[in-house]
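What follows is a single structure, written as structure tokens, with notes after it.
The values are calculated or read from the model by the stated rules, or taken from the named source; none is laboratory data. Quick caveat: nothing in here was measured; it's all calculated off a predicted structure. In this analysis, Cβ positions are derived from the backbone assuming ideal geometry, glycine residues included, and neighbour counts consider all displayed protein chains.
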Amino acid sequence: MVDPFRQPCGALRIAIVLMTLTGCGGEKLPGLGRVEGTVTMEGKAVEDARVWFEPKNGKTAAAIGQTDSNGHYELYFSRGHKGANIGENVVKITTYREINDEDNRQVRKETIPARYNVKSELVADVKRGNNKLDFDLKSGGEIVQPDEGQDTQKKRKSATGCR
């Protein structure tokens, strides 16, 4: 599977595909558990970040959510279907955005360390019913900018000088 964080517009394309699924025509949805929570970094709300839950089994699509100004998110598997796949999911949290319009390409840089997105160490076990899953991220470490490409990725040091 192509990593959407390493492909320009990849994350946007996947989000559009997931949000346009309707569940009609006999589509069988996987078992879902509702998931919501809060994302913070060093105790402060992480605003406007995308939260992805990708099933470890790789058999179904990821669930996606976005944090609000308080860092709160809720996951959607597809339009009209809240939740994420039951079982273990790799969690990816990113602030990176690429916005293209007719005349201008704008990029919102990644501010979250790679260990929470392109090299995620986060795993969540989603159960049936309601799941409240909060993530308090730690700053410091490598930050990867997906638009720099695999061959030219620059490893950024945090203000603390840690990798």
Are any residues in the range 28-46 closer than 15 Å to Asp125 by Cα and either in a strand (DSSP E or B) or hydroxyl-bearing (Ser, Thr, Tyr) (or both), and if so, which ones? Leu32, Gly33, Arg34, Val35, Glu36, Gly37
Filter the range 100-125 down to the residues that are buried (at least 16 other Cβ atoms within 10 Å of the Cβ) and among the basic types (Lys, Arg) and list them by number. Arg115
Within the range 35-61, which residues are crowded, with 19+ Cβ neighbours inside 10 Å and among the charged types (D, E, K, R)? Arg50, Glu54
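A quick yes/no check of all residues on (1) at pLDDT 95 or above; (2) out of contact with any strand residue (DSSP E or B) (no Cβ under 8 Å at 6 or more places or on another chain):
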position	(1), (2)
Met1	no, yes
Phe5	no, no
Thr22	no, no
Leu29	no, no
Trp52	yes, no
Asp103	no, yes
Provide a single number: the residues in the range 100-126 that are assigned to a strand (DSSP E or B) and within 18 Å of Leu137 (Cα to Cα). 4
So which pairs qualify, if the first residue must be in the range 100-116 and within 17 Å of Glu47 (Cβ to Cβ), the second must be loosely packed, with under 14 Cβ neighbours inside 10 Å and among the acidic types (Asp, Glu), the Cβ gap must be under 9 Å, and the two must be at least 6 apart or on different chains? Arg108/Asp48
Among the numbered criteria (1) touching a Leu at 6+ places or on another chain (Cβ under 6 Å); (2) at pLDDT below 90; (3) of a type outside the set (Lys, Arg), which one does Tyr116 miss? (2)
Among the residues of the range 62-99, which ones are crowded, with 17+ Cβ neighbours inside 10 Å and not in a strand (DSSP E or B)? Ala62, Thr67, Gly71, Leu75, Gly83, Ile86, Thr95, Tyr96
